[in-house]
Amino acid sequence: MSATVHYRGLTWDHPRGYNALAAAAAALDPVQDGLTLSWDRHSLEGFEQHPIADLCRRYDLIVLDHPHVGEAVAGEGLLPLEDLFDAGEIAAWGRDVIGPCLRSYHYAGWHWALPLDAATQVMAVRPDLMDGPVPETWAQVLDLAARRPVALSLAGPHAVLSFQSICTALGEPPAQADPELFVGRRTGMEALDLMARLAATSPLAVANLNPIGILGAMAAGTEVALCPLIYGYVNYTRARPGQAPLRFANAPRQEPGGRPGSTLGGTGIGISRNARVTPALLDHLRWLMAPGTQAGFIPDHDGQPSLRGAWADPGVNGRWGDFYCATADTLENAFVRPRHPGAIAFQTAASAVIRMALSDRRPHADIIDDLQSLYTASRRPGMER
């Protein structure tokens, strides 16, 4: 038997991002399995701020979000899945994962990460603070905001992510029809107008919080009854001491039966070019993606699976407040963000512009021009999609 190889991985510091991976690593038998694996943790903001190419040099496995792919590829940090798994396996994962989770890691002709965790912006609800049914459309969200506290998620990159989601619901997913155009003026102005109306009454107590902070505040207090666009975290469907359970629903649509507008999140596992890839490592990654693991081990350890079968599983939904079946339509239709090497910097700058637009009196048409200028400046020729 070949010598045991030790691998180091980096994931994000939240039970959803860490517990299942750590538990799976702890269950490895060095003799039988041929490897050991340890996972370091990094904050979500740390992933936004730290160059992904440097992380790839320091770790064997990197848990990353799909907008980082362009930078990782430009920095020659990751191995394509096609170098490690056969075409049939990759095609099967493409069929079996929910929505565009695997496709989001396809860039410059190759796949660059295994989509272990699936998430997108959905609607979070505090049921005991509502006075009627959960909204389905943006018009219904605006109507509710006149009676109940409705919050927008705008901190960090989430201002532009919410903007992109609303544009998608309005029928124009950004940078999709024309990769050089971020969003058309009419659609962009309509999205900003909607955001401005909601921002005017959004509770100040959560204005600077990331999605985890907002969901925690919703569960622990009474400041927010509903957040129409926020990354779903299944963990908050269960009551905890001092916290009420939250419920989740599909993201708002422009009209009943329309596309729920949402920007894909979730994470994938990338394999560093510096890793000593062994059959044992690939078998462990295959096990993490296996149907039984996805519907059992991962949700049992606070994770959020990526396989469609797990999202539809009655047992999984029964244990987690129907989180999965209540939001699956949104994930199936989620918008995939630009992934060129400047995409992360663009997210940061564009969000700052949108936050400023929501607090000052500049014409929204000027803001659309600013967003387009930032988007154009962020791109690198020959690298997109």
What percentages make up the Cα-Cα pair-distance distribution of segment 206-248 when the bins are 10 Å wide from 0?
31, 63, 7
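Please work out the FRET efficiency for the pair Asp178 and Asp33, using the Cβ-Cβ distance as r and a Förster radius of 56 Å; give the result to the nearest 0.05. The partial results should precede the final answer.
Values: r = 48 Å, r/R0 = 0.86.
Step by step, r from the Cβ atoms, then E = 0.70.
Stokes-Einstein diffusion coefficient for segment 83-201 at 4 °C in a medium of 1.567 mPa s, Rh from the Kirkwood formula over Cα pairs: what value in µm²/s? Walk me through the numbers on the way to the answer.
Working: Rh = 17.1 Å.
Estimated diffusion coefficient is 76 µm²/s.
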Over 23 Å, how big is the tail of the calculated P(r) for segment 35-150, in percent of all Cα pairs?
49 percent
Run through all the Cα pairs of segment 145-276 and give the fraction in each 10 Å bin from 0, expressed as whole percent.
11, 37, 32, 14, 5, 0
When only DSSP loop residues count, what trypsin sites (Lys or Arg not before Pro) in segment 120-226 have their Cβ near at most 13 other Cβ atoms within 10 Å?
Arg147
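Which FRET efficiency, nearest 0.05, do Asp283 and Arg361 yield, Cβ-Cβ r, R0 41 Å? All intermediate terms of the calculation are to be shown ahead of the outcome.
Details: r = 59 Å, r/R0 = 1.44.
Rounded to the nearest 0.05, the efficiency is 0.10.
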Counting alpha carbon pairs within less than 8 Å and at least 6 residues apart, what relative contact order, in whole percent, applies to segment 203-244?
39 percent
Exposed-loop cut sites defined as GluC sites (Glu not before Pro) in DSSP loop states with at most 15 other Cβ within 10 angstrom; longest site-free run of the chain spans 181-385
Where both residues lie in the chain, what percent of DSSP beta bridges are antiparallel, nearest 5?
60 percent
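Could you work out the relative contact order of the chain, using alpha carbon pairs under 8 angstrom and six or more residues apart, expressed as a whole percent? Provide the component values of the computation, followed by the final result.
On the way: 760 pairs, mean separation 102.0, N = 385.
Rounded, it is 26 percent for the chain.
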Pick from Gln347, Gln176, Gln49 the residue whose mean-square fluctuation is largest in a GNM of the chain, springs joining Cα atoms under 10 Å.
Gln49
Interchain or sequence-distant (5+) residues whose placed amide H lies within less than 5 Å of the amide H of His42 are Thr11, Trp12, Asp13
Amide proton proximity set for Asp117, modelled H, under 5 Å, gap of 5+:
Thr267
Given a 1.4 angstrom probe, I'd like the percentage of the accessible area of the chain that is carbon and sulfur, rounded to a whole number.
53 percent
Span per principal axis, largest first, for the Cα atoms of segment 247-371 (Å)
56, 44, 21
For segment 109-178, average projected area of the Cα convex hull in nm²:
7.3 nm²
Give a residue-ordered list of calculated ³J(HN,Hα) values for segment 329-340 (Karplus: 6.51 cos²θ - 1.76 cosθ + 1.60, θ = phi - 60°; whole Hz; x for Gly, Pro).
4, 5, 5, 4, 10, 5, 7, 9, 6, x, 10, 5
So what are the ³J(HN,Hα) numbers for segment 187-194, from phi and the Karplus equation (6.51, -1.76, 1.60; θ = phi - 60°), rounded to whole Hz, Gly and Pro as x?
5, x, 5, 5, 5, 5, 4, 5
For Leu78, distant residues with modelled amide H under 5 Å away
Arg273
For segment 343-350, take each phi angle, set θ = phi - 60°, evaluate the Karplus expression 6.51 cos²θ - 1.76 cosθ + 1.60, and give the result in whole Hz per residue in order, putting x for glycine and proline.
5, 5, 4, 4, 3, 5, 5, 5
Please state the Cα pair-distance histogram of the chain with 10 angstrom bins from zero: what percent is in each bin?
5, 24, 34, 25, 10, 2, 0
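For the chain, what does the accessible surface come to per residue with a 1.4 Å probe? Please give it in Å².
For the chain, the per-residue accessible area is 39 Å².
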Average the reciprocal distances over every distinct pair of alpha-carbons in segment 185-338, invert the result, and give the Kirkwood radius in Å.
17.9 Å
Angle, helix 158-169 long axis vs. longest principal axis of the chain, Cα atoms, 0 to 90°, nearest 10?
80 degrees
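The values are calculated or read from the model by the stated rules, or taken from the named source; none is laboratory data. The structure presented is a predicted model; accordingly, all values stated were derived computationally and were not measured. Counting neighbours? That spans all protein chains shown, and the Cβs are built from the backbone with ideal geometry, glycine included. We work out accessible area using only protein heavy atoms, side chains counted, and drop any ligands, DNA or RNA first. Shrake-Rupley method; radii C 1.70, N 1.55, O 1.52, S 1.80 Å.
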